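Worksheet: one structure, shown below.
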Amino acid sequence: MGMDSWKTHRRSTQTFMTILVIGSGGREHALVWKLHQSPRITRILCAPGNAGTAMLAENFPIAATDLEGIGDLARRENVALVVVGPDDPLAAGLVDRLQAEGIRAFGPTASGARFEASKSFAKDFMRRHGIPTAHSEKFTDFTTACDYARTQKYPLVVKADGLALGKGVTVAADFAMAEKALREALVEKVFGDAGKMVIIEEFLAGRECSIHALIDGNSWLLFPDARDHKCALDGDQGPNTGGMGTLSPSGRMDDALRLRIENEILAPFVRGLAADGIHFCGLLFPGLMLTAGGPKVLEFNVRFGDPETQVLLPRLHSDLLDLLEATIDGKLSEMRPQWDSRTACCVVMTSGGYPGAYQKGAVISGLENAAASGATIFHAGTTATNGQIMTSGGRVLGVAALGDTRSDAVANAYRAVVLIDFENAAWRTDIGAADSL
Ligand code: AMP
Ligand code: GLY
């Protein structure tokens, strides 16, 4: 089926919809930006949104985790579909609640969100269903965990079980470092309840990449692959962050590997859902380590990646709304989305100090020049006050550009980055660099 007939087929079902996007990051600006291109959407609302979403949507100052406030807004504004960006409202049951009120929502219910909200749940599922992942054990007691860690090979990986803003994972070079991570989680409780259980995991050597797959309960639809740059500083140095930049395709995956990922990860995942009676509908975004023994799952996310979305959606030619609706309606097998074969690169500009303490309220200049250079500027931690756009978070902007080759995409993104200015702006200079391939 050609792209046009596919679009016409889907478009006939419902026209002129109001959509509500939940969240306030670069991912949500990218979702709003892409949904804004849909001919079937007349109005987009965003809660709470940022200065970028405000240019294409109406922002409402309702927190992503205010389930009642979001339900009220969706009802009042006759929203046809709620698209949930972040993990915490999913884990808190936002989709369950909206569905109970008869409001359509994209994203898994709280039960499906456990794949991300509990690493031990995800690990047990993978073990039961033969999905390749690092060997691991779970602990709640500090002394028992240390006794185990003392007997293991290093490096060793210590992970908080729950949602910890990407900061709950330590790759420990030696026992002293593992003990410190265990103490922080289990004794000092720096991650609160998210760290009351920890996973101690075998270290996997290899190269990382990730894949996004829509899952409608029975079938899946794979997006192109991407890779993130999680460390704060060039050369993969410094602390882990939510993500400092992305490249799609990753340059690390060929068709044979994609097929292995489908056969060894997605097929057993979907079979496992049926076997365990888990209903999962939404997006599955596994982080992968490409090891000498094949692809292995580092973690499951149950939502679009940030900043992966900022490189995937610029490559999507088809209507995202069609794909989200087909997922909810169990019709993914009918979808044939069209993708741009070019490479996309996104460089995240941060407030200096991130992921530690950083300043807010700096005026951002140069956004129009950067956009005029051909890049797409996705806002994350920004607010608009009296016509000025100011920083309001650690990750401030994602500067995304396409290019015929990897190096063109990278050069196009950085050409736009240097046109943007705010006090203490920081970014990695090696996003998508060839030497990290
Ligand atoms: P996660 O949030 O579980 O994806 O972990 C965050 C980061 O820690 C990953 O992107 C990897 O760089 C690293 N990591 C996690 N688990 C492992 C592992 N078993 N072996 C090596 N590195 C890991
Ligand atoms: N960029 C990694 C994530 O969204 O979890």
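The values are calculated or read from the model by the stated rules, or taken from the named source; none is laboratory data. All values derive from a computational prediction rather than experimental measurement. Here Cβ is always computed from backbone atoms with ideal geometry, including for glycine, and neighbour counts include all displayed protein chains.
Overview of values
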| item | result |
| --- | --- |
| Single residue of 356, 361, 330, 366 found to be more than 16 Å from ligand 1 (Cβ to nearest atom) and at pLDDT below 95 | 356 |
| Residue, farthest from residue 347 (Cα to Cα), within the stretch 375-389, restricted to residues that are under 24 Å from the mean Cα position of the chain (by Cα) and not polar (S, T, N, Q) | 381 |
| Every residue from the stretch 396-410 that is touching a strand residue (DSSP E or B) at 6+ places or on another chain (Cβ under 7 Å) and either in a helix (DSSP H, G or I) or surrounded by 22 or more Cβ atoms within 10 Å (Cβ to Cβ) (or both) | 396, 397, 398, 399, 400, 401, 406, 409, 410 |
| Enumeration of residues in the stretch 137-179 that are acidic (Asp, Glu) and in contact (Cβ under 8 Å) with a residue 24 or more places away in the chain | 137, 141, 161, 179 |
| Members of the stretch 64-116 that are free of Cβ contacts under 8 Å to residues at least 60 places away in the same chain and under 21 Å from residue 166 (Cα atoms) | 64, 65, 92, 93, 110, 114 |
| Qualifying residue in the stretch 170-187 (condition: surrounded by fewer than 22 Cβ atoms within 10 Å (Cβ to Cβ), modelled with pLDDT under 95 and within 15 Å of ligand 2 (Cβ to nearest atom)) | no |
| Filter result (within 30 Å of the chain's Cα centre (by Cα) and not aliphatic (A, V, I, L, M)) within the stretch 145-161 | 154, 155, 159, 161 |
| Test for residue 227: is it basic (Lys, Arg), buried (at least 20 other Cβ atoms within 10 Å of the Cβ) and either within 16 Å of ligand 1 (Cβ to nearest atom) or more than 24 Å from residue 91 (Cβ to Cβ) (or both) | yes |
| Answer residue from the stretch 105-120, given it is assigned to a loop (DSSP other than H, G, I, E, B) and touching an Asp or Glu at 6+ places or on another chain (Cβ under 8 Å) and is nearest to residue 198 (Cα to Cα) among those | 118 |
